[in-house]
Amino acid sequence: MADKLPAVPLDFRRLTAETQRENVDKFYANLDKRRSVREFSDEAVPLEIIEKAILVAGTAPSGAHLQPWRFVVVKDATVKSKIRAAAEAEEYESYHHRMPSRWLNRLAPLGTDEHKPFLEIAPYLIIVFRLTSFPNETTGELEPTYYSQESVGIAVGMLLVALHTAGLATLTHTPSPMKFLNEVLNRPKNEVPFVLIPVGYPAESCRVPDIKRKMLAEIMEIV
Ligand code: IYR
């Protein structure tokens, strides 16, 4: 059995009730402005911002603290073109043959289609991979991760919040199936593509659908 880690004091600062309220109010007001963006500017973004946002994502809790994630940051134009071509080919099939009409009907108000120019325009694409297994530190044998879907889902949420807080626009894009990303990005089989996130500034002319969010009473229950 592995040794238990030493316990260290928790670094925790108690906030006053007023600061708590102020912080969460500001946080909500800012996050409520986050939108999925599909029209990007090609303006460059400092890599340091992307790196820090990925560090934020890496603070997510994970099953057995195995941190079952890998963030591949694509800035190379040739790689972006390959990703766009492969994603659009899959999306064409999805929109024209694979998605049932009930699904297409749900997407119609959002105006999405198989064309994905943002995959070449956004300065960075972050492809998040979920590690289903990893090599044991001593034996090198593949060992499973635990709750990797939940862990990576939380990390991606934190990544989106970090990028938004840094003043950047994002999209959670899931070309389906996403297996081509292993080939294009040369990732091993134990790394499963989870989501593709274009990051950058929105285009000047960017428009987004006028969506409404559920009210608190619709999403919360107190027992
Ligand atoms: N992956 C496709 C289809 C799509 C599916 C859902 I669910 C969306 O919320 C949006 C789009 C695409 O990216 O167009």
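The values are calculated or read from the model by the stated rules, or taken from the named source; none is laboratory data. Predicted model, so just to flag it, every value in this text is computed and none were measured. Cβ placement follows ideal geometry from the backbone for every residue including glycine, while neighbour counts extend to all protein chains displayed. Ligands, DNA and RNA are excluded from the accessible area calculation, which covers all protein heavy atoms including side chains. Shrake-Rupley method; radii C 1.70, N 1.55, O 1.52, S 1.80 Å.
What FRET efficiency, computed as 1/(1 + (r/R0)^6) with R0 = 25 Å and r the Cβ-Cβ distance, is obtained for Ser81 and Glu183, rounded to the nearest 0.05?
Values: r = 15 Å, r/R0 = 0.58.
With a Förster radius of 25 Å, E is 0.95.
In whole Å, how far is the Cα centre of the range 106-164 from that of the range 45-98?
So the separation of the two Cα centres works out to 6 Å.
Suppose the chain between Asn105 and Thr139 were pulled fully straight at 0.36 nm per residue; how much longer would it get relative to their current alpha carbon spacing? Working shown, then result.
Numbers: separation 34, 0.36 × 34 = 12.24 nm, distance 5.08 nm.
This chain segment gains 7.2 nm when fully extended.
So how far apart, in nm, are the two label points at Thr112 and Lys4 if each is 7 Å from Cα heading toward Cβ?
About 4.7 nm separates the two model spin labels.
How high is the relative contact order of the chain, in percent, with contacts defined as C-alpha pairs under 8 Å that are six or more residues apart? Can you show the working numbers first?
Numbers: 299 pairs, mean separation 70.4, N = 223.
The normalised contact order for the chain reaches 32 percent.
Could you give the DSSP H helices of the chain that reach 20 angstrom or more along their long axis (alpha carbon positions) and whose average Kyte-Doolittle hydropathy is no lower than 0.0? Please list the in-between numbers first.
On the way: long enough: 17-31 (21 Å, -1.13); 77-93 (24 Å, -0.67); 148-165 (25 Å, 1.15).
Helices meeting the span and hydropathy rule in the chain are 148-165.
What distance in nm separates the simple spin-label points at Asn30 and Ala17, each placed 7 Å from Cα in the Cβ direction?
2.5 nm
Which of the GluC sites (Glu not before Pro) across the range 188-223 are loop residues per DSSP, with 16 or fewer other Cβ within 10 Å?
Glu204, Glu221
If I model the range 12-58 as equal point scatterers sitting on the Cα atoms and use the Debye formula, what is log10 I(q)/I(0) at q = 0.18, 0.23, 0.28 Å⁻¹?
Values returned for q = 0.18, 0.23, 0.28 Å⁻¹ are -0.89, -1.02, -1.02.
Quick query: amide H of Phe194 versus all other amide H atoms, modeled in the peptide plane; which residues come in under 5 Å with a sequence gap of 5 or more or a different chain?
Those qualifying (amide H under 5 Å, at least 5 residues apart or on another chain) are Val128, Phe129, Arg130.
What are the principal axis extents of the Cα atoms in the chain, in Å, biggest first?
55, 52, 40
Over the heavy atoms of Glu39, what accessible area does a 1.4 Å probe trace out, to the nearest 10 Å²?
So the heavy atoms of Glu39 present about 70 Å² to solvent.
Cβ under 14 Å from Asn182's Cβ, Asn182 left aside: what net charge do those residues give with Lys, Arg +1 and Asp, Glu -1?
On the way: positive: Arg70, Lys82, Arg130, Lys179, Arg187, Lys189; negative: Glu90, Glu183, Glu191.
Surrounding charge for Asn182 is +3.
Mind checking which lysines have their Cα closer than 26 Å to the Cα of Lys212? Skip sequence neighbours fewer than 8 apart in that chain.
Lys26, Lys33, Lys116
Looking at the chain, send over the antiparallel percent of its DSSP beta bridges, to the nearest 5. Please report the intermediate quantities before stating the final value.
Numbers: 21 of 22 bridges.
Just about 95 percent of them are antiparallel.
Could you size up the charge dipole of the range 145-223 around its Cα centre, putting +1 on the beta carbon of Lys and Arg and -1 on that of Asp and Glu, and report it in debye to the nearest 20? Walk me through the numbers on the way to the answer.
Details: 7 positive and 7 negative charges, 25 e Å.
I would put it at about 120 debye.
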